[in-house]
1. Extending each Cα 7 Å along its Cβ direction at residue 161 and residue 61, get the distance between those two points in nm, one decimal.
2. Find the Rg to Rh ratio for the range 67-221, where Rh is the Kirkwood radius over alpha-carbon pairs and Rg uses the same atoms.
3. How would 97, 184, 65 line up from fewest to most surrounding beta-carbon atoms within 10 angstrom?
4. Using 7 Å Cα-to-Cβ label points, what is the residue 193/residue 113 separation (nm, one decimal)?
5. Could you please rank 172, 101, 209, placing first whichever residue has the fewest other Cβ atoms within 10 Å of its Cβ?
6. Between residue 205 and residue 128, take the C-beta separation as r, use R0 = 30 Å, and let me know the FRET efficiency to the nearest 0.05.
7. Describe numerically, in nm with one decimal, the distance between label points set 7 Å from Cα along Cα→Cβ at residue 140 and at residue 216.
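Read-outs: derived from the displayed coordinates by stated rules, not from any lab. Keep in mind that what you see is a predicted model, and the values were worked out from it rather than measured. Cβ sites come from the backbone with ideal geometry, for glycine too, and all protein chains shown count toward neighbours.
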């Protein structure tokens, strides 16, 4: 019996040791070590940079258009064509009566029987005649909506050509610049009639009145 109990005691001891080992093993398997939760560095936000770039990006020239923006081009091409830069600038202000968004101008041309393109509102016949023998002879009238510099250059030389058509003897009803503005608006033939002393009609006179209203502003714009 004693030997039997000894074996029983040994068995109980082994079972106890096995149970203890099993408990330790179970705890290791069911409760893995918790990994430290290191705080991840916050990535540099890209949305702020994108937003700032968009907000400060240069707008298209035709948004909030002001002829004064092209004062350098007006001065340069007026000098090349030998005309008064203030006259050229005042004409740009006169012609700023409609949006100069290139897309709008092309859509307008689809319904207008005699459309004008560019910031100087030049008609195709006037542009094609003016460009002959000039540096921009190979340029097309269709380019004017997208190219303000070309529009200013063409307008300057058109005024130059009108000046050559003025009669040598003129009535003193209008100044040379006023006659050129009238010619730009009403055509060279009418300009010559006005130069001989005929009073401008209501439409031409309205254009001239706007020119007078834009004259001082044009001088200021050329200072920029």
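1. Between residue 161 and residue 61, the label points sit 2.2 nm apart.
2. 0.95
3. 97, 65, 184
4. 2.0
5. With the fewest neighbours first, 172, 101, 209 line up as 172, 209, 101.
6. With R0 = 30 Å, the Cβ-Cβ based efficiency is 0.60.
7. 4.5
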